[in-house]
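Laboratory data are not the source of any read-out in this text; all were calculated from the coordinates shown. This is a predicted model, so every value here is computed, not measured. Because the Cβ atoms are built from the backbone with ideal geometry, glycine has one as well, and the counts that use them run over all protein chains shown.
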Amino acid sequence: MVIDTHNDVMISILEGLKIEDDLTGKTHSDIGRFKKGGVDIQIFSIWSDERYEKGKGFNYANRQIDSLYSIVMRNPGKMMMVKTPGELKLAVQQKKLGVMMGLEGGHMIEDNLQYLDSLYKRGVRYMTLTWNNSTSWATSAADETANKLLKQKISNGNNSQISGDSVLVASPTGVPNAFGREGAGLNELGKQIVRRMNELGMLVDLSHVGEQTFLDAIAIVTKPVIVSHSCVYSLCPHRRNLKDDQIKAVGKNGGVIHLNFYSGFLDSNYERRKAAFFLNHAKELDSLKALKWPSFDIDIWMSKKYPGEMQSLRPPLSLLLDHLDYIVKMIGVDHVGLGSDFDGIESAPQELDDVADFPLITKGLLKRGYNKKEIKKILGGNFLRIFKASQL
Ligand SMILES: [Zn+2]
């Protein structure tokens with residue numbers, strides 16, 4: 001049983017591609033390749049960025065959910081919606097792709113608990129508290145990191161603009177910061193939302209959140225958490241990865257960390273190699289930036305335009321297994337799984353070209369001496385355990 005907890009192909013579907021078609025070369029995912037890769041359950045990300053703010057986010061999330069429902073209805077022999085552990089097992093038995101949904105970005109509930117309930121009813125089974133943008137009630141890794149840099153700069157007497165994607169907003173005390181309010185982490189509304197998620201049976205996803213939000217959330221949850229698509233900070237110090245204390249906290253909580261396949265979260269030298277590649281195409285990049293494209297759109301555009309150069313930037317597949325080993329050694333085999341982020345990333349390790357390549361991971365695990373029982377847990381058993389626990 002193979003369960004992948006994060007896939008962003010819905011972005012391309014909303015742009016007009018059909019998941020029934022062979023989309024090789026255009027996307028990482030389509031129905032045929034899910035089958036080929038032996039994927040049993042795919043959690044599709046219902047994602048939006050900060051452009052879908054109040055008045056827009058909830059609608060946009062529902063449009064993506066509508067689209068997924070119509071895909072499943074068009075393919076009753078090949079797919080089914082999964083909202084309960086019982087349905088998950090049924091999908092596996094019937095050899096259909098079980099379709100699950102995770103909301104990537106708490107801003108889409110627009111500070112409204114009724115919207116949260118409504119999304120749960122429609123089948124959303126985890127919510128990533130923040131995407132890169134903070135909400136009014138939880139701060140993101142991107143913003144918490146930007147804020148720390150800003151504080152350092154101010155204390156060094158340097159008020160120049162910080163780099164990165166974060167936008168500085170005036171906070172109530174007048175000191176500008178990346179999230180427009182004093183103090184990081186969950187505020188009262190944030191705590192209410194996390195508690196409501198636990199009551200409903202919606203997994204609390206701690207990918208993308210800042211360290212303070214992580215701490216505040218894990219302190220009050222009553223169920224195991226999910227980290228749907230992140231890696232190990234000690235091996236690759238990126239703000240999206242988990243530090244050792246966070247990994248240990250997930251172990252204590254009984255949760256599961258699902259590894260992201262993104263080269264930039266696995267390999268600490270990837271960003272440097274990518275920067276060198278981009279430098280070779282500086283003019284083209286400047287024109288894309290002038291069009292105000294978000295950086296991830298630019299990355300994906302460049303990867304598709306220069307597949308040969310992108311190929312040479314990819315780290316070996318063994319690096320993904322190194323991240324997995326690290327977590328297993330620290331907190332045990334019950335707390336790790338796969339959250340590929342396919343179709344949300346411009347580069348994955350060598351050989352992992354698309355969703356058809358999941359068997360290579362099984363092969364790699366066998367080669368590293370994991371036994372059948374352990375491999376079953378990693379590939380999906382661990383997720384099923386926290387999914388069941390979330391519903392109690
Ligand atoms: Zn993400």
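So which residue, out of 291, 324, 242, gets the largest mean-square fluctuation from a GNM of the chain using Cα contacts under 10 Å as springs?
291
Over the stretch 242-392, what is the relative contact order in percent, taking alpha-carbon pairs closer than 8 angstrom and at least six residues apart?
On the way: 146 pairs, mean separation 52.4, N = 151.
Contact order relative to length: 35 percent.
Per 0.36 nm of contour for each residue apart, how much would the distance between residue 305 and residue 156 grow if the chain were fully extended, relative to their Cα-Cα spacing? Walk me through the intermediate numbers first.
On the way: separation 149, 0.36 × 149 = 53.64 nm, distance 4.16 nm.
Net length gain for the segment: 49.5 nm.
Which residue fluctuates the most in the chain, going by a Gaussian network model with Cα springs under 10 Å, if the choices are 146, 282, 290?
Its mean-square fluctuation being the largest, the pick is 290.
Pairs of Cα atoms under 8 Å, at least six residues apart: use those to get the relative contact order of the chain, whole percent.
Values: 737 pairs, mean separation 71.9, N = 392.
The value is 18 percent.
Taking amide hydrogens as modeled 1.01 Å from N in the peptide plane, which residues meet the under 5 Å criterion relative to residue 350, leaving out close sequence neighbours?
317
I need the calculated FRET efficiency for the pair residue 112 and residue 295, taking r as the beta carbon distance and R₀ as 30 Å, to the nearest 0.05.
Details: r = 30 Å, r/R0 = 0.99.
Step by step, r from the Cβ atoms, then E = 0.50.
What Kirkwood radius, in Å to one decimal, follows from the Cα pairs of the chain? Intermediate values should be presented prior to the final figure.
Details: mean 1/r = 0.0471 Å⁻¹.
Averaging 1/r across every pair of different Cα atoms and inverting gives 21.2 Å.
Can you work out ³J(HN,Hα) from phi for every residue in the stretch 304-317, in order, using Karplus 6.51 cos²θ - 1.76 cosθ + 1.60 and θ = phi - 60°, giving whole Hz and x for Gly and Pro?
Karplus-based 3J(HN,Hα) across the stretch 304-317 equals 7, 6, 10, x, x, 5, 4, 4, 6, 8, 6, x, x, 4 Hz.
Among 315, 349, 307, which one shows the biggest mean-square fluctuation in a GNM of the chain, springs joining Cα atoms closer than 10 Å?
In the Gaussian network model the winner is 307.
Expressed as a rounded percentage, what relative contact order does the stretch 312-392 have, with Cα pairs under 8 Å and six or more residues apart?
Details: 55 pairs, mean separation 29.9, N = 81.
In percent, rounded to a whole number, it is 37.
Quick check on my link table: of 151/274; 248/274; 329/372; 223/363; 304/372; 121/388, which ones sit more than 25 Å apart, alpha carbon to alpha carbon? Kindly include the intermediate steps, with their values, before the conclusion.
Working: 151/274 28 Å; 248/274 31 Å; 329/372 18 Å; 223/363 32 Å; 304/372 37 Å; 121/388 17 Å.
Too far apart for the 25 Å limit: 151/274; 248/274; 223/363; 304/372.
Please find the FRET efficiency linking residue 278 to residue 392, where r is the Cβ-Cβ separation and R0 is fixed at 35 Å, and quote it to the nearest 0.05. Intermediate results must be reported in sequence, preceding the final value.
On the way: r = 48 Å, r/R0 = 1.38.
Efficiency, rounded to the nearest 0.05: 0.15.
Extending each Cα 7 Å along its Cβ direction at residue 366 and residue 192, get the distance between those two points in nm, one decimal.
5.3 nm
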